[in-house]
Amino acid sequence: MNRDVRMKGFAQRADVDEVERFLAAHVRALAAEPVPLLECVGRVLAGDVSSAVDVPGFPRSAMDGYAVRGEDTFGASELDPLALELSGESMPGRRFEGSLGPRQAVRIMTGAPVPDGADAVIMAEVCSEEDGRVVVRDAVAPLKNVGAVGEDIRAGDAVLAAGRRVRPQDAGLLSSIGVGEVVCHRRPRVKLVVTGDELLPAGSVPSGAHIVDSNSVVLRGLVARDGGVALPFEIVRDDREVIRDAIADADADVVLVSGGSSVGKEDHAPGIVAELGSLDFHGVAMRPSSPAGIGRIGERFVFLLPGNPVSCLCAYEFFAGPAIRVLGGRPSAWPHRQVRLPLARKITSAIGRVDYVRVTVEDGRVIPIATSGASILSSTVRASGAVVVPRGREGMPEGEAVDVFLYDDAPMSTSAT
Ligand code: AMP
Ligand code: MG
């Protein structure tokens with residue numbers, strides 16, 4: 001689509017699901033790279049992992065006490081104790097060398113190897129040591145208090161599957177089987193091209209006709225959430241050559257262009273993408289974010305995100321987010337926690353477009369936020385989450401149960417006012 005739409009408006013907008021199908025067909029997980037064990041939490045495994053070893057690799061005491069042959073203790077009781085010969089000690093990391101003969105006992109600690117010849121551990125509380133002997137006041141059955149070889153993991157076991165996002169305990173398990181490095185999908189490198197003559201860099205105080213760039217701040221947070229790496233960037237002027245260089249130079253898997261995506265005189269990005277590669281979509285039947293665009297330059301995916309802060313967030317969530325997640329080996333689905341609750345007030349929409357409606361959740365009911373302008377960033381801060389009204393719906397009536405994509409992973413202790 002090379003048509004120059006500047007100052008002419010969009011002749012036709014793509015449907016959201018058309019763009020989603022396009023991304024599903026074209027975006028694939030990036031190649032794998034080795035990742036050190038201590039850095040793998042949160043990364044996505046590119047291959048299955050199986051264990052080469054048994055854990056534990058030796059029969060292991062689950063108690064502090066004495067390793068014995070269970071049958072040697074049969075008949076022992078408080079009233080009728082029985083004595084065994086104390087023949088040594090087995091400590092964690094320092095085994096008893098030798099094997100246990102009949103009517104012998106070895107002092108043992110939790111985690112220490114159970115000596116050959118012993119088949120049980122009797123707990124210290126029912127024993128006492130006297131003159132090189134262990135007096136036993138209870139019986140213990142064979143196998144009791146002994147962790148078997150491979151009880152946790154057996155050599156050859158598949159322990160983690162490709163596609164797994166590594167949890168802290170997964171990394172611990174990898175460590176326990178002697179793995180020092182795992183193969184993970186490369187994290188997508190994301191270049192931000194933030195356009196606008198009116199913008200001051202984040203950290204500035206707004207002054208005069210200038211506003212402070214907030215989109216890059218939001219986008220960096222979203223990119224991190226989705227497993228991408230946001231690269232250093234600078235704000236670029238609304239100058240075709242400068243924007244062109246910033247887009248063309250990008251050594252990245254994904255380029256996010258903020259602002260200048262529409263059909264105004266200063267909206268250079270769509271034409272530049274069309275010139276450097278392909279502008280696969282420009283204009284999407286949705287609200288907000290209808291001036292969004294999606295294209296490719298070589299292997300890179302380019303997302304044109306309208307500058308209005310809510311539009312920028314919304315276009316990211318619908319298109320860039322899924323692509324970044326899939327590139328990094330994650331599922332494309334929105335990562336938000338969802339709840340299904342009834343609407344306290346109706347939502348109005350229009351057939352033919354998708355609406356991204358900010359809502360609050362109060363007393364188990366969903367309240368659409370009235371100030372819904374695409375420039376009102378605070379609406380997303382007040383909101384608990386968003387409801388997506390599908391293309392085929394004119395709206396949603398009061399009382400209808402709707403799915404809310406919550407902005408927070410866990411319930412918050414305090415909420416914004
Ligand atoms: P644009 O899409 O470039 O026409 O911008 C639309 C609106 O979004 C304008 O009011 C811009 O000032 C505002 N805007 C553009 N970029 C940003 C940004 N990075 N942060 C905050 N607001 C922005
Ligand atoms: Mg602009």
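The values are calculated or read from the model by the stated rules, or taken from the named source; none is laboratory data. Note that the structure is a prediction, hence the values are computed from the model and not measured. All Cβ positions, even for glycine, are placed from backbone atoms using ideal geometry, and neighbour counts span all protein chains on display. Remember, those area values only see protein heavy atoms, side chains included, never the ligands or the DNA or RNA. Shrake-Rupley method; radii C 1.70, N 1.55, O 1.52, S 1.80 Å.
How many of the residues in region 350-387 are over 17 Å from Leu313 (Cβ atoms) and either among the polar types (S, T, N, Q) or touching an Asp or Glu at 6+ places or on another chain (Cβ under 7 Å) (or both)?
The number of residues fulfilling the criteria is 2.
Got a sec? Which strands (runs of 3 or more DSSP E) wholly within region 311-417 have at least 2 residues that are closer than 23 Å to Gly259 by Cβ?
In region 311-417, 354-362 are the strands (runs of 3 or more DSSP E) which contain 2 or more residues that are closer than 23 Å to Gly259 by Cβ.
Which of the following residues is out of contact with any Ser or Thr (no Cβ under 8 Å at 6 or more places or on another chain), open to solvent by 10 Å² or more (accessible area, probe 1.4 Å) and among the charged types (D, E, K, R): Glu317, Glu299?
Checking each option against the conditions leaves just Glu299.
List the number of the failed condition for Leu276; all other conditions in (1) within 16 Å of ligand 2 (Cβ to nearest atom); (2) of a type outside the set (D, E, K, R); (3) touching a helix residue (DSSP H, G or I) at 6+ places or on another chain (Cβ under 7 Å); (4) free of Cβ contacts under 8 Å to residues at least 60 places away in the same chain hold.
(1)
Return the pairs, sorted by first residue and then second, in which the second residue is open to solvent by 40 Å² or more (accessible area, probe 1.4 Å) and in a helix (DSSP H, G or I), the first residue lies in region 239-251 and is charged (D, E, K, R) and at pLDDT 95 or above, the beta carbons are less than 8 Å apart, and the residues are 6+ apart or on different chains.
Listed pairs, sorted by first residue: Arg244/Glu275; Arg244/Leu276.
Need pairs with beta-carbon distance below 7 Å; first residue over 16 Å from Val302 (Cα atoms) and within region 11-33, second among the aliphatic types (A, V, I, L, M) and part of a strand (DSSP E or B); sequence gap 6+ or separate chains.
Arg13/Val284; Ala14/Val284; Val16/Val284; Val16/Met286; Val16/Val354; Ala32/Val183
Could you count how many residues in region 286-296 are closer than 21 Å to His26 by Cα and either surrounded by fewer than 20 Cβ atoms within 10 Å (Cβ to Cβ) or modelled with pLDDT under 95 (or both)?
Qualifying residue count for the region: 1.
If you scan region 195-235, which residues turn out to be open to solvent by 60 Å² or more (accessible area, probe 1.4 Å), charged (D, E, K, R) and more than 10 Å from ligand 1 (Cβ to nearest atom)?
Within region 195-235, Arg220, Arg225, Glu234 qualify.
Can you report the number of residues in region 97-112 which are surrounded by fewer than 22 Cβ atoms within 10 Å (Cβ to Cβ) and aliphatic (A, V, I, L, M)?
Counting residues in region 97-112 that are surrounded by fewer than 22 Cβ atoms within 10 Å (Cβ to Cβ) and aliphatic (A, V, I, L, M) gives 1.
Going through Arg358, Arg340 one at a time, which residue ends up being open to solvent by 30 Å² or more (accessible area, probe 1.4 Å) and at pLDDT 95 or above?
None of the other options fit; the residue is Arg340.
Looking at (1) hydrophobic (A, V, I, L, M, F, W, C); (2) part of a helix (DSSP H, G or I); (3) within 16 Å of ligand 2 (Cβ to nearest atom), which is the only condition Leu304 fails?
Failing condition for Leu304: (2).
Of a type in the set (A, V, I, L, M, F, W, C), open to solvent by less than 40 Å² (accessible area, probe 1.4 Å) and within 11 Å of ligand 2 (Cβ to nearest atom): does that describe Ala269?
yes
If you take the residues of region 252-265 that are under 21 Å from Val212 (Cβ atoms) and more than 7 Å from ligand 1 (Cβ to nearest atom), which of them is nearest to the chain's Cα centre (by Cα)?
Top of the filtered list is Leu256.
Do you know which residues across region 145-190 are β-branched (Val, Ile, Thr), out of contact with any Cys (no Cβ under 9 Å at 6 or more places or on another chain) and within 25 Å of Gly321 (Cβ to Cβ)?
Those that are β-branched (Val, Ile, Thr), out of contact with any Cys (no Cβ under 9 Å at 6 or more places or on another chain) and within 25 Å of Gly321 (Cβ to Cβ): Val183, Val190.
Just to be sure before I move on: is Ala269 within 15 Å of ligand 1 (Cβ to nearest atom) and closer than 26 Å to Arg325 by Cβ in the structure I sent?
yes
Hey, among the residues in region 48-96 that are of a type in the set (A, V, I, L, M) and closer than 14 Å to Cys127 by Cβ, which one's surrounded by the fewest Cβ atoms within 10 Å (Cβ to Cβ)?
Ala83
Can you find a residue in region 82-104 that is in a loop (DSSP other than H, G, I, E, B) and touching a residue at least 40 places away in the same chain (Cβ under 8 Å)?
Checking region 82-104: not a single residue is in a loop (DSSP other than H, G, I, E, B) and touching a residue at least 40 places away in the same chain (Cβ under 8 Å).
Name the single residue, out of those in region 314-324 being touching a strand residue (DSSP E or B) at 6+ places or on another chain (Cβ under 9 Å) and away from ligand 2 (no atom under 16 Å from the Cβ), that is farthest from Ala162 (Cα to Cα).
Here the answer is Cys314.
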